[in-house]
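Have a look at the structure below, then the notes.
Coordinate-derived values only; no laboratory data. Since the structure is predicted, the reported quantities are computational estimates derived from the model, not experimental observations. In this analysis, Cβ positions are derived from the backbone assuming ideal geometry, glycine residues included, and neighbour counts consider all displayed protein chains.
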Amino acid sequence: MRIIPLGKLDEGKLVEYSGDFLFGTVESVIAFKKENSGSSIVMDEEGVGYFMMINEGFLKGFTNIVVNPSRHYGHYKDVLKVNSFEEALSFCHKGKDVYVLGGKELFEDALDYNLRVGR
């Protein structure tokens, strides 16, 4: 399982991302869905807000996980709600990549995890 940060959000603006992929267009979301189906996306409230802005909903065919949600996502049947990044990882498919989209704290949790496991 690789942990791949899609970006760190700061006041609603994406300030850092890895790789060539960025959710900037509908086409980029379609390509991401096609290439990574079955993977997991771990988000916090900032990540969810950004994600909803460009996708109008969570991704079908992915494990969508929200860490420390302050809102209720009951109307989305495919969303898991957890209390920590470590707990989120327990729901991710071990053979698939885990993408992280969130604010500073979640982004740092992902970086710390990668450093701990020596990736």
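A few notes on this one:
- Global geometry of the range 58-107, whether rounded, prolate or oblate, following the gyration tensor of its Cα atoms and the 1.5 cut on a/c: oblate
- Among 30-36, 65-71, the order from most to least packed when residues are scored by Cβ within 10 Å on average: 65-71, 30-36
- The 3J(HN,Hα) values that the Karplus relation (6.51, -1.76, 1.60; θ = phi - 60°) gives for the range 86-97 are, in residue order, 4, 5, 4, 4, 5, 9, 7, 5, 5, x, 10, 6 Hz. Gly and Pro appear as x.
- Amide hydrogen neighbours beyond the local backbone of ILE4, cut-off 5 Å, H modeled: VAL98, TYR99, VAL100
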